[in-house]
Amino acid sequence: MSLFRAIARLDIKGSHVVKGIRFEGLRRVGEPAALAERYAESGADELLYIDQVASLYGRNQLEELLERTTERVFIPVTVGGGISSLADVRRLLNAGADKVAVNTAAIRRPDLINEIAGRYGNQCLVVSIEAKRTVHGWEAYTDCGRERSGVDAVAWARRAAESGAGELLVTSIDQDGTMKGMDYELIAQIGPRVDVPVVAAGGIGNRTHVVEALRSGADAIAVASALHYNRITFEELRNVTVEKQFPHETSGTGRTRTA
C-alpha cells in the first residue's frame with residue numbers, strides 16, 4: 001500500500017463549488033478559493049478541482065482559479081474536466097496544477113493516456129473512472145456521470161494503469177454524495193489489481209468508511225460532501241489512519257511549470 005492521502009474534492013460549476021447526490025441535484029456549497037484555503041489549512045494532503053461542465057463546453061475553465069489558489073495554497077492540486085489534448089495539459093500545468101485528471105477524452109481516445117504520460121510523465125496523470133453498478137459488474141461513465149460508455153470499469157482501470165496513468169481516481173456514482181459508505185466491492189476489484197495508487201471517492205461520511213476503503217485496497221480517499229457539511233475533519237482522518245496503522249503521507253507542493 002502507498003502512503004495514505006486525504007484529498008479534498010471540490011466540484012466546480014461556474015464560480016461555485018457544487019455538490020449533489022449521485023451526480024444529480026447540484027447545490028452550491030461555497031466559493032472555490034475560500035474552501036480550498038480552508039481545507040489546506042485544516043490538513044488536506046491535496047486538493048482536487050473538477051470542472052463539472054467542461055465536457056459539455058469542450059474546455060476546462062479553471063486556469064484563473066488555479067492561479068489564485070496556488071498563490072495561497074501550498075499543497076498539490078489536481079484538476080480535471082474537459083481535458084482532451086496535450087495543449088490542455090500544458091495550459092493547466094502552467095496555471096498551477098500539479099496533476100491533471102482525464103476521463104471522457106481518454107475513454108473516447110485511449111491513446112491520450114500514452115501521449116500525456118510520454119510528454120509530461122505519469123506522475124502528473126490521473127485517470128478518473130466514474131463507475132456505476134450493472135447486473136454484470138460496473139460500467140464506466142463519461143461527462144461527469146451523465147453518459148454511458150459501454151466500457152467495463154474494472155477492465156478500463158487495468159488498461160489505464162498499464163497505458164501510463166500515474167494513479168486512478170475511482171468514483172462510485174451509486175454512492176456519490178450519500179455519505180452512507182463507499183462501494184467497497186468496486187475498490188476491491190481495482191485496488192489490488194493495479195500497480196498504481198487508487199484514490200477512492202463516493203460515499204464517505206465517517207471514519208469507518210475511510211478504514212473500510214483502505215482495507216479494500218484504496219491508497220487514498222477524496223472527500224467532498226462530508227467536508228462541505230462538516231461530517232468529518234482532516235484531523236479525524238489523520239487520527240484514524242494512525243490508530244489503524246495506515247502509513248500517512250505528508251505532501252509537499254512540487255509545483256509544476258512547463259513550456
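The values are calculated or read from the model by the stated rules, or taken from the named source; none is laboratory data. It should be emphasised that the depicted structure is a prediction, and the values quoted were computed from it without experimental measurement. Virtual Cβ from ideal backbone geometry, glycine too; neighbours counted across all protein chains shown. These accessible areas exclude ligands, DNA and RNA; they are computed on the full protein's heavy atoms, side chains included. Shrake-Rupley method; radii C 1.70, N 1.55, O 1.52, S 1.80 Å.
A few points about this structure:
- One chain, two ends: residue 68 and residue 195. Fully extended at 0.36 nm per residue, the span grows by 42.3 nm beyond their Cα-Cα distance.
- For the residues 132, 13, a 1.4 Å probe over the protein chains yields an accessible-area ranking, largest first, of 13, 132.
- Stokes-Einstein diffusion for the range 80-169, with the hydrodynamic radius set to the Kirkwood value over Cα pairs and evaluated at 4 °C in a medium of 1.567 mPa s, equals 100 µm²/s.
- In the chain, the C-alpha radius of gyration followed by the widest Cα-Cα span (Dmax) gives 16.3, 47 angstrom.
- What a 1.4 Å probe finds exposed on the chain is 45% carbon and sulfur by accessible area, rounded to a whole percent.
- Taking packing as the residue-averaged number of other Cβ atoms within 10 angstrom, the listed peptides 33-45, 179-191 run from highest to lowest as 179-191, 33-45.
- Bridge orientation summary for the chain: considering DSSP beta bridges with both residues in this region, about 30 percent are antiparallel.
- The gain in end-to-end length when the residue 31 to residue 90 segment is fully stretched comes to 18.7 nm, 0.36 nm per residue minus the alpha carbon separation.
- Using the average count of surrounding beta-carbon atoms within 10 Å as a protection proxy, the listed peptides 223-232, 105-114 rank, highest first, as 223-232, 105-114.
- Calculated FRET efficiency for the pair residue 41/residue 158, C-beta based, R₀ 30 Å, to 0.05: 0.20
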